[in-house]
Amino acid sequence: PNLSMFIERIVQGVECFDKSVVSLGIDKIDILQPPLSIYQSDKFNIDMLESIIYHARNKYDIILADVPFRYDNISLEMLNLSTTSVLVLSPNIRLVKRVCDFQKFLPHYQKKGVIFNKISSGEKKYIDKYKSIIGIPVFEQISFIPARDRKMIENKRGYFNILNLQPAMPGLEEIFFKDG
């Protein structure tokens, strides 16, 4: 199942949506995967996006969408339909202008936050400067993990004092819906 099924059978409505979703069967988490081809992606439009969001809002309490960092109509409409935007950013200070330009597309009423990803020791000095320029609260900072350490983690060897987000997943609702 993937978004291609929805695109090709949109007239079937909610049945089509349900057939497009991969159900993990645990914790009521489902995934809607992207289309299999660029050709099918090109058929996807804003009306289809709104239909998906409508069906998803009737079925789920929380919807997470991985939206590309670009300015096409689909991405911008997804931002408009969202109640919260979490930007996952590289701490590279050279990207701050692009982030500031992108902020104008985030609705003013929307809750916003940043997660800095893959922070190396050399980039930690830029985080405070970056935060003051963009003016969006930082939810989390994730350190860079070298390939050697990632391999050891994968093989369950050794202990690493790293951020493990999986236990926090059930608490996502608090981040997105708390007042403030």
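The values are calculated or read from the model by the stated rules, or taken from the named source; none is laboratory data. Bear in mind that the values here come from a model prediction, so they are computed numbers and not experimental data. No Cβ is skipped: glycine too gets one built from the backbone with ideal geometry, and neighbour counts run over all protein chains shown. In case anyone asks, the SASA skips ligands and DNA or RNA and just uses the protein heavy atoms, side chains included. Shrake-Rupley method; radii C 1.70, N 1.55, O 1.52, S 1.80 Å.
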Review point. Quick check, is GLU154 acidic (Asp, Glu), modelled with pLDDT of 70 or more and surrounded by 15 or more Cβ atoms within 10 Å (Cβ to Cβ)?
Key: no
Point to revise | the range 79-110, residues that are closer than 14 Å to ILE136 by Cβ, open to solvent by 40 Å² or more (accessible area, probe 1.4 Å) and not in a helix (DSSP H, G or I) | key: VAL86, VAL88, LYS104, PHE105, HIS108
Check your understanding: Filtering the range 23-71 down to residues that are part of a loop (DSSP other than H, G, I, E, B) and polar (S, T, N, Q), which residue is most open to solvent (accessible area, probe 1.4 Å)?
Key -> GLN33
Exercise for review: Specify the residue that is farthest from the chain's Cα centre (by Cα); the eligible residues are those in the range 48-71 that are closer than 26 Å to ASP101 by Cα and acidic (Asp, Glu).
Suggested key: GLU50
Exercise for review: Of all residues in the range 1-16, count the ones that are open to solvent by less than 80 Å² (accessible area, probe 1.4 Å), in contact (Cβ under 8 Å) with a residue 12 or more places away in the chain and assigned to a helix (DSSP H, G or I).
Suggested key: 7
